[in-house]
Structures are given as structure tokens and as C-alpha cells.
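The structure appears below as C-alpha cells.
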Amino acid sequence: LAAVAFRQAGGLIVPDTKLDLTANPGAFLGRALHMWDPTGAFGQVQNQAYGYLFPTGPFHWGLISAGVPEWVVQRLWWTTILSVGFLGVWRLSGAMGIGTPWARYLGALLYAVGPRFLSEVAVTSVEVWPMAVAPWVVLPLVVPGPRTWRWRITRSALAFAAVGGVNAVASGAALVLPTLWFATRKPAREAALHFGAWLAAVVAVSIWWLVPLALLGRYSPPFLDWIENAPVTTAFASPFEAVRGTTPWLNYLSGPAGPAWPAGWQFVTLPTLVFATASLAAAGLVGVRLAPRRHRSFLALSLLVGLLLVTAGHTGAASSPIAEQVQHLLDGPLAPLRNTHKFELVVRLPLTIGLIVTLTRLARGIPRLGLAPWLSPVAAVSCVALLAAPAVNGGLARPEGYQALPGYWRDAATWLDAHDEPGTVLVVPAAGFADFVWGSTKDDPLQALSEGAFAVRDAVPLGSAGTTRWLDAVERSLQSGTGGAGLRAALVSAGIRHVVLRNDLRADAVDSS
């Protein structure tokens, strides 16, 4: 798994989540301690920056402070994600008493190199971190032996604490499986009491990000109304894609710079990978049916609930009968849940356990059929190699990596900080993301390099609606060439002290609308 991570864009820093994590994690974590950020967008309520306080932020800060190269830190983080997911499924299936040791090993490995991990781990890694930790949240609840419920609940809650709060919905998805575990226990009254204690423990270890999340929801502008909508996010959330692990709509998005998620694009366009993932999903479905009776209800219920959460808003050929009503809710009061693909882990984990059951049955059937004993390991290696082909070919990261931020950006930040006058630095021209001719940082470099206030019009308007409209008006004035005293007066009245013209943006990145 480490080899898989280091195989991607060796020596290059690639855009993944936050530029600050590699460029200046210490300053970023310092800002994340405060809900209000006076340096961005003329002042803004930070959007889930607090979620990086543990474990993602300290991981990057500690290694970079120790002098580890930035690109190596990224690969070590990806290695950690894949390894945690692999070990979690391996331990969980063993605790459930399902499968032989080698079947558990193979199933766990296929989980770690499945479509969801490989599609996102090198693109937006924090979204798959909850999927990696999810087996560990369930594990203490199913460990056999004379463990007290205090021990089980404490260990499960601590495992959930490791999920962090970068993405609240993705983190919350990790709670669905343990909830369903309690729902399938008997006697029901005792299970309900244990569930209540467990839920209280989970809330207690999450209070550090739940309170800021509540404040964010109360004071932040409704930026979810200004980005993708439910028809887009659920367009590919069919049952077939859900069991394959390929419902994220960004898998299907490709532009002038190539696919948004390179590995995801391969999983939905290459027939061999479609066949491989569909075959593994079918084996998992069979395994859920063949699972031991003591676990069958939990696995089956988890699979059904997961499919409902992921596919309820899909309006394609296999559309849900309540799809239109669900989409209306997802574009209204349930807007934070709009990207339903974040619940895929609820589908993936029971299918993986089911796959382990099927692999065990197949391995035992080979000698009975008189087939050569070497067939099992050859088939296993071939299956892993086929599924991990995008990673083996080094195709997980976007082709937008860079060795380091250019010196002129650092010089500009140093100069601006040296002339620390009251006011804000305006960065132009507008662009959806900071995609440059030398690489892509997604976030503007001044966000990580400068200590002063700056503003830029990008794809996600986290400042106020008035700020966004004002930036759009300035951009229109610049594009029309009608600057002069009127534009200068507007800039001065808004507190703009300097304007930074970024001439190194890629042509396709500049907003020319």
C-alpha cells in the first residue's frame, strides 16, 4: 500500500484538500482555533477548518516540522489512509469470525484498493479517511470475549474521535453501521440502553467540532445554495454504481485539463474495470446471503440502508420512486447531505464482509472440484492487480503537481507582509480554482504564504453574499477595460490596499464569463 501511494507523481506536491497542509500547516492550525478568520474574503466564518485540528493537521504539521519533504508527507498520509482501511477490515472480519485468514487478508486488501479509495485518496483524501476508520468504530462492539460494555463503548467512541470533523457528513456516515449493529442485537431493551450510552460517548468525543459546526450553520452564508445541486450529485447514484463504489459525480467530470478524478474516470469508462468491480460486487452480494446467521441480519440491513441513503435521489433508469421528493429535500433543508455518495461506506463494508464469505467458499470448492491448488493464489493476485491497475499505472493524482511554490509567489507574499498597511490585498483575475501553468494549488498561494488579509473570487464563495457580488462587479469592470478613477475609488472605499495580478494562471482556469 505504501508502494501504491509513492507510485503517484513521485517528487511532486499534488492538489489535495488544503494547500496549507503542505505549505504552512502551523499557521493554518493556528487560524483553525478561531471561528472568525479576518484574513480571507474581507472576513469570513471558516468552513470546517476546525476539523483539521485532529488528526489530519497535526499529522502534516509534525512531519513537515521535522523536515520531511512536503511530497513525502502527502504520500505518507495516503499510505496511512489505505493501511488503516486495510487493517480495519482485516481485524473486523476476524473479530466477526468470518472467513479464513487468507480470505480476510484478500478481502481487506480489495477494500483498500477499491474504486472509492483509489478515486479520492490522491485527490481529496479527507473524504475517504472516514471510510478507512469506519471498521475500527464497529470493531470494539463485535470483539468476542468477556469484554465489558464500558470497554466496548469507550473504544468505539475513541475510534470515532479519530475520524475528525473535516467533513461532517462523511464523518457522520461512519456512525450508521454501529447504529445498525445495535438495532440488530437482542434483547432489544438492553441493546437500546447500550446504544444510548454509546451515542453519548460519541457526542462527548466529538464536541470539539460539533459546537463549531453548529456555529457555522448559524452564521455562515448559504454557500450550498450556490454550488452543485441535487440533480447533479445524484445523477450517477444508481444501485449498480452504488454496489460498485462509483456513485460520486466527479468520477464522470472531465474538462480541458483532463478528468477531475483520474482514477475515478478509469473506473467508469474502462470496460475491464467496470467488469471487475461489478463481479466483486456480485460476489459480495452472494456472500451477504451466505453469511453466518448471527451476522446476516446486520449485514443485510446495512446493505439495504446504505443503498437507500446513496440512491434515494437518483432519477435515472433505475430511479427511486421518491427521487423527486428526495431531490427537493436535498436542495432545501437537507442540502448538507446533497452529496449522497459520502454514505457509500455503509454499502461498501457489508459487501466486503460478504466478499470474504464468498472467497472462503470458492477457496474451499477448488480442491473439491479437482482443480489445481495454485489456482487460488493466481486468481487472487490477478484480481488485486486488475482492481489496482489505475494505482499501478500511477494514475491516481491529477497531472497538476509541482515541486515547490514558485519563488516569485513567496517574494510577493514577503513584500506584502513587509508593507503591512491596514486593508486587504485583492487577487485578480477571478478563477474557479488556482490552476497555474506550473501546477495547481486549488487554493490561492497567498492563503498559505502571506499573513495579511486577501480576497479572491473563486468557485466557493465563503464570504458574504455582498462580498461575492462586489467581487463580481470588480471583475466585470476589469474585463471590460473600464477602470480609471471610478474603479480606484471603489477599491479604496472597500479597503483594498494592493492588487496582485496573477499572470501565471492557466488559460482554461481564468473566469472569462
Inset, instruction - Restrict the check to the range 206-218 and report whether at least one residue is touching a residue at least 40 places away in the same chain (Cβ under 8 Å), part of a helix (DSSP H, G or I) and closer than 23 Å to Leu180 by Cβ. - result: yes
Inset, instruction - Quick one: which residue in Leu386, Leu371, Leu362 is part of a loop (DSSP other than H, G, I, E, B), out of contact with any Cys (no Cβ under 6 Å at 6 or more places or on another chain) and modelled with pLDDT under 95? - result: Leu371
Legend entry - Hits in the range 417-427 - residues which are open to solvent by 10 Å² or more (accessible area, probe 1.4 Å) and in contact with a strand residue (DSSP E or B) (Cβ under 6 Å, 6 or more places away or on another chain): Glu421, Gly423, Thr424
Inset, instruction - Name the helices (runs of 4 or more DSSP H) wholly inside the range 1-100 in which the number of residues that are at negative phi, at pLDDT 90 or above and among the hydroxyl-bearing types (Ser, Thr, Tyr) is 2 or more. - result: 56-65, 70-95
Legend entry - helices (runs of 4 or more DSSP H) contained in the range 223-302 and holding at least 1 residues polar (S, T, N, Q): 230-233, 262-269, 271-290
Inset, instruction - Kindly indicate whether any position in the range 280-292 is surrounded by fewer than 17 Cβ atoms within 10 Å (Cβ to Cβ) and more than 19 Å from Phe240 (Cβ to Cβ). - result: yes
Inset, instruction - Working carefully through the options Ala188, Ala204, find the one that is open to solvent by 60 Å² or more (accessible area, probe 1.4 Å), modelled with pLDDT of 95 or more and either over 23 Å from Pro55 (Cβ atoms) or out of contact with any Cys (no Cβ under 7 Å at 6 or more places or on another chain) (or both). - result: Ala204
Inset, instruction - Answer yes or no as to whether Gly172 is closer than 30 Å to Arg398 by Cβ, of a type outside the set (Lys, Arg), open to solvent by 20 Å² or more (accessible area, probe 1.4 Å) and assigned to a helix (DSSP H, G or I). - result: yes
Inset, instruction - Output the residues belonging to the range 360-388 that are over 29 Å from Phe6 (Cα atoms) and open to solvent by less than 70 Å² (accessible area, probe 1.4 Å). - result: Thr360, Ala363, Gly365, Ile366, Gly370, Ala372, Leu375
Inset, instruction - Check off (1) within 15 Å of the chain's Cα centre (by Cα); (2) assigned to a helix (DSSP H, G or I) for Ala122 and give me the number that stays unchecked. - result: (2)
Inset, instruction - Could you grab me the full set of residues in the range 472-500 that are under 32 Å from the mean Cα position of the chain (by Cα) and within 25 Å of Arg410 (Cβ to Cβ)? - result: Val500
Legend entry - Considering residues of the range 484-513 that are in a loop (DSSP other than H, G, I, E, B) and either charged (D, E, K, R) or open to solvent by 40 Å² or more (accessible area, probe 1.4 Å) (or both) only, the residue modelled with the lowest pLDDT: Ser513
Legend entry - Residue satisfying all of: in the range 211-224; touching a helix residue (DSSP H, G or I) at 6+ places or on another chain (Cβ under 7 Å) and modelled with pLDDT of 90 or more; surrounded by the most Cβ atoms within 10 Å (Cβ to Cβ) among these: Pro212
Legend entry - Filter result for Ala391 (open to solvent by less than 10 Å² (accessible area, probe 1.4 Å), part of a helix (DSSP H, G or I) and over 30 Å from Phe298 (Cα atoms)): yes
Inset, instruction - For the range 133-161, enumerate the residues that are open to solvent by less than 30 Å² (accessible area, probe 1.4 Å) and farther than 21 Å from Met96 by Cβ. - result: Ala161
Inset, instruction - Find the residue count for the range 165-205, including only residues that are touching a residue at least 24 places away in the same chain (Cβ under 8 Å), touching a Ser or Thr at 6+ places or on another chain (Cβ under 9 Å) and more than 22 Å from Val347 (Cβ to Cβ). - result: 3
Inset, instruction - Quickly run through the range 302-352 and pick out the residues that are surrounded by fewer than 16 Cβ atoms within 10 Å (Cβ to Cβ) and either basic (Lys, Arg) or in contact with a helix residue (DSSP H, G or I) (Cβ under 7 Å, 6 or more places away or on another chain) (or both). - result: Ala318, Pro336
Inset, instruction - Could you please find all residues in the range 430-457 being more than 13 Å from Thr39 (Cβ to Cβ), open to solvent by 30 Å² or more (accessible area, probe 1.4 Å) and over 23 Å from the mean Cα position of the chain (by Cα)? - result: Val437, Trp438, Arg457
Inset, instruction - Go through the range 142-169 residue by residue and tally those that are among the hydroxyl-bearing types (Ser, Thr, Tyr) and in a loop (DSSP other than H, G, I, E, B). - result: 1
Legend entry - Search result, residues across the range 458-476 that are open to solvent by 50 Å² or more (accessible area, probe 1.4 Å) and more than 16 Å from Gln46 (Cα to Cα): Arg469, Trp470, Arg476
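The values are calculated or read from the model by the stated rules, or taken from the named source; none is laboratory data. What you are looking at is a predicted structure, and each value in this text was computed from that prediction instead of being measured. A quick note on method: Cβ atoms are made from the backbone with ideal geometry, for glycine too, and the neighbour counts reach across all protein chains shown. Remember, those area values only see protein heavy atoms, side chains included, never the ligands or the DNA or RNA. Shrake-Rupley method; radii C 1.70, N 1.55, O 1.52, S 1.80 Å.
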